[in-house]
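The values are calculated or read from the model by the stated rules, or taken from the named source; none is laboratory data. Quick caveat: nothing in here was measured; it's all calculated off a predicted structure. Cβ placement follows ideal geometry from the backbone for every residue including glycine, while neighbour counts extend to all protein chains displayed. Keep in mind that these areas ignore ligands, DNA and RNA; they rest on the heavy atoms of the full protein, side chains included. Shrake-Rupley method; radii C 1.70, N 1.55, O 1.52, S 1.80 Å.
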Amino acid sequence: MADPKGFIKVPRKEGGYRALAERVEDYSEVEQTLADADRQLQASRCMDCGVPFCHWACPLGNKNPEWQDAAWRGDWETAYKILNSTSNFPEFTGRICPALCEKSCVLAIDNEAVTCRENECSVVEHAFQLGIIQPRIPARRTGKKVAVIGGGPAGMACADLLNQAGHTVTVFEKANAIGGLLRYGIPDFKLSKKVIDRRLAVLQAEGITFKTGAEVGVNVKLDKLRKEYDAIVVTIGAGLPRDLQVEGRELKGVHFALEFLQQQNHVNRGDAVKDSDRILATGKPVLVIGGGDTGSDCVGTSNRQKARSVTQIEIMPKPSEKRAPGNPWPYWPTVLKTTSSHKEGCDRRWSLSTKRFIGENGHVKKVELVEVEWVKDENGRPKMVEKPDSAYMVDAELVLLCMGFLSPVHEGLVNELGVELDSRGNIKVDNNGMTSVPGVFAAGDAATGASLVVRAIARGRETAKGVNDYLMAK
């Protein structure tokens, strides 16, 4: 184990963020890193618990105590090998994961959890810098071909493991670059796209073929894929956003969050975007509807675009600062989360519902909000009730809807495949990840509904095993 007294001698220390005045002027990553000596001390705080709840909470099953011990000793190669045995892309999760492992760390009982996420990122960065990460060319090929439709984290993870198993894998991505929401949904200031490109170079060298601008069902015929490939894996994500059907929804200036975030990422990449199509917060009062991570990303992007003001509202009550009695460790804490974007400037409000959008010359200018409270109905289920005489107006010339996603888009590929759907509209799969159509599998948000990147990677890995078993049985 790491230092037996490390958690006593060494206090938790985070890398922190770049200076606020500096970081809001660019889209570079906001997080800073610790020097190696400090990082190794942070790894020494891991207690190698008899029951490692960090391992239990991590969807990937990362072996935190083992690789933390190696990192503490400065053995970055061993640390990476242990980490890579369960995680394909620790450089992604080490930057953007909400760190379920930390929330279940025994030290989290006193709010001093091991800095697992930052330590993970440090391990993989050392592995790249020291040349430890090199292409692993499969020793043999099985002759089986797999088409992965969707180049996000689930698709990339699935393709990686299937390629290592010796199958010939092609990833089809409709966008002009691989990465899915990693590429176009998550702002550059949280995840530099050079990090994705670096890993893609390794995957390509290992033999995976990536085809961009390839939308199956549109410019790539599904029938052709069925004939040419022995298995198909659908990893298209949950792209259908939850809408807000209230009066004035048709007004200009009301957009889904991803329309806003994806466009800015395209601009950062250097892709051409017409001036007439630009969604800009510059000089405008911005209203972000939805209190999750996507809403936070919209806040940070609006600040970088120099919005006049940014207000973020949430329909649920304000979470407590600490765990509530019914929310014990080691479960995920439903507590107030304040991100680096919030600290850059944002008026946050809770228990508010949107009544209507009010426009002028076809463009949104104000939004009517109303206070709500949550009570129990006759069956004991939560029920929202508007407070009388609590409605009021806020200025808003850009409204961003960040209320989550419902399911994968059915129109096109999903309907053409003819796969069975579950009650929520997601692609229904069995324990091996196979759909109702033999030889067609689904993984990630397309099968589970919108979730975390770490869960998408985990499901991609699990489905790869199911695909491999299916192919080898054939």
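Ranking request for peptides 107-115, 329-337: highest mean number of other beta-carbon atoms within 10 Å first, then the rest in descending order.
By packing density, highest mean first, the sequence is 107-115, 329-337.
Please compute the per residue accessible area over the chain with all protein chains in place, 1.4 Å probe, rounded to a whole number of Å².
Working: 21630 Å² over 474 residues.
Heavy-atom accessible area per residue stands at 46 Å².
Taking the Cβ of G213 as the center, what net charge do the other residues with Cβ under 10 Å away carry, scoring Lys and Arg +1 and Asp and Glu -1? Mind showing how you got there, number by number?
Numbers: positive: K174, K211; negative: E173, E215.
Computed value for this residue: 0.
Past 20 Å, Cα to Cα, is the threshold; run K174/K224; K306/K337; K284/K366; K13/K103; K211/K465 against it and keep the listed order. Working shown, then result.
Numbers: K174/K224 17 Å; K306/K337 23 Å; K284/K366 12 Å; K13/K103 16 Å; K211/K465 23 Å.
Flagged as over cut-off: K306/K337; K211/K465.
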statement: Calc'd 3J(HN,Hα), the range 154-168, phi into Karplus 6.51 cos²θ - 1.76 cosθ + 1.60 (θ = phi - 60°), Hz, glycine/Pro = x, comes to 5, x, 5, 5, 4, 4, 4, 5, 5, 5, 5, 6, x, 7, 8
- prompt: In whole angstrom, how far apart do the alpha carbon centroids of the range 34-112 and the range 382-453 sit?
  reply: 31
task: Using the Karplus curve 6.51 cos²θ - 1.76 cosθ + 1.60 with θ = phi - 60°, work out ³J(HN,Hα) for each residue of the range 397-414 in order, rounded to whole Hz, and write x for Gly and Pro.
output: 9, 9, 10, 10, 8, 10, 10, x, 10, 8, 5, x, 5, 7, 4, x, 4, 4
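Based solely on its DSSP helices, what 222 nm [θ] is calculated for the chain when runs of n ≥ 4 H residues each add -39,500 (n - 2.57) and the sum is averaged over all residues, nearest 500 deg cm²/dmol? Before the final figure, lay out the partial values.
Numbers: 18 runs with 154 residues, N = 474.
So the calculated ellipticity at 222 nm is -9000 deg cm²/dmol.
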- request: Using only Cα atoms, locate the centre of the range 178-238 and the centre of the range 9-25, then give the distance between them in Å, rounded to an integer.
  value: 33
message: Only sites in a loop by DSSP and with at most 13 other Cβ atoms within 10 Å count here; which GluC sites (Glu not before Pro) in the range 316-417 make the cut?
response: E321, E378
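Leaving out ligands, DNA and RNA, and with a 1.4 Å probe, what % of the accessible surface on the range 75-160 is carbon or sulfur? Write down the numbers at each step before the final one.
Working: 1470 of 2920 Å².
The computed percentage sits at 50.
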query: When the accessible area of the range 3-65 is computed with all protein chains present and a 1.4 Å probe, what percentage of it is carbon and sulfur?
result: 56
message: Probe radius 1.4 Å, ligands and nucleic acids ignored: give me the carbon and sulfur share of the accessible area of the range 362-412 as a rounded percent.
response: 49
- request: Could you grab the relative contact order for the range 122-233? Cα pairs under 8 Å, six or more apart, rounded to a whole percent.
  value: 34
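In the chain, what percentage of the DSSP-assigned beta bridges are antiparallel, given to the nearest 5?
Details: 23 of 59 bridges.
Taking every DSSP beta bridge with both residues in the chain, the antiparallel ones total about 40 percent.
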